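The values are calculated or read from the model by the stated rules, or taken from the named source; none is laboratory data. From a predicted model like this one, the values you see are computed outputs, not experimental measurements. For neighbour counting, all protein chains shown are included, and Cβ atoms are generated from backbone atoms with ideal geometry for every residue, glycine included.
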């Protein structure tokens, strides 16, 4: 999570942060979704089956997320350099290099860029060798989560840098396992199913549901600990911009969780028919819309000073 100092252009940094968070979630989710496919794919499924088509689309989602992640970090680097210059002053390497290579923020950012670059060949390898690709992409996705907090609040966490980085990484991983995998399920699983195999959809969703619950639980626990550490008391939650932004995030989280619970308890048991599949696609789209709003609020939240830092 970012905590960019100085008079930074909020629109540029919010865009870079938001894109980086969304891409990280999508990358983690595509990897988890691809890894889950053998658990619901049947031995009789051929290359035209939903499972085979879903796997191919999952790698496309992963490749897109890797490209967006790299672009987002480059955008953040540009914003960080621009914030150190006077209006209209040109960006030169002599100005940029000390900021990007010699500051604590810059060293964390450079690690994020290098890890983002590593995700690109991992997504391409997976198209040809899925098992090897999943292993490599899983490793790079974990690395993405591990280095993401190195330019943010975690470095100044009230409970120490190590615990702060760990909690932020777990928060991101949990969100990826939940919302990121849901994105792949929608784009790579439900969309190809529009033409047919509704029984395969039911197997897919029933495999995904317990994994999503685990990811959501992890994100909530880690996020709650982070919120408590940064806020500390009720007056700070209500009386600061950081606290109010966190309340908005919590509201959106409850909405997304409510839709997820509806999918799990009411729609999933009915799967196997075209009507239930379409209902799930609509509900999953709404759940992801709340997830996208969560990412947007987070991108703004981390630019605000936390009460206990």
Legend entry - Looking only at region 42-51, and only at residues there that are surrounded by 15 or more Cβ atoms within 10 Å (Cβ to Cβ) and more than 15 Å from residue 185 (Cβ to Cβ), the one that is modelled with the lowest pLDDT: 45
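Looking at 142, 187, 183, 167, can you tell me which residue is within 21 Å of residue 71 (Cα to Cα), touching a helix residue (DSSP H, G or I) at 6+ places or on another chain (Cβ under 7 Å) and part of a helix (DSSP H, G or I)?
Selected residue: 183, the only one of 142, 187, 183, 167 that is within 21 Å of residue 71 (Cα to Cα), touching a helix residue (DSSP H, G or I) at 6+ places or on another chain (Cβ under 7 Å) and part of a helix (DSSP H, G or I).
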Inset, instruction - Enumerate the pairs (first residue in region 189-200 and at positive phi and crowded, with 20+ Cβ neighbours inside 10 Å; second residue anywhere and at pLDDT 80 or above and outside any helix (DSSP H, G or I)) with beta-carbon separation below 8 Å, excluding pairs fewer than 6 apart on the same chain, so at least 6 apart or on different chains. - result: none
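To keep it simple, each residue is scored yes or no on (1) over 29 Å from residue 207 (Cβ atoms); (2) under 26 Å from the mean Cα position of the chain (by Cα); (3) at pLDDT 90 or above.
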| residue | (1), (2), (3) |
| --- | --- |
| 40 | no, yes, yes |
| 56 | no, yes, yes |
| 77 | yes, yes, yes |
| 92 | yes, no, no |
| 97 | yes, no, yes |
| 117 | yes, yes, yes |
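Looking at 251, 207, 214, 273 in this structure, which one is modelled with pLDDT of 90 or more and farther than 28 Å from residue 148 by Cα?
Residue meeting the stated conditions: 207.
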Legend entry - One residue from 117, 155 being within 19 Å of residue 59 (Cβ to Cβ) and either in a helix (DSSP H, G or I) or free of Cβ contacts under 8 Å to residues at least 60 places away in the same chain (or both): 117
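Being surrounded by fewer than 19 Cβ atoms within 10 Å (Cβ to Cβ) and under 20 Å from the mean Cα position of the chain (by Cα) is the filter here; which residues of region 16-38 pass it?
Initially, region 16-38 is screened for residues surrounded by fewer than 19 Cβ atoms within 10 Å (Cβ to Cβ), giving 18, 35, 38.
Within region 16-38, 18, 35 meet the criteria.
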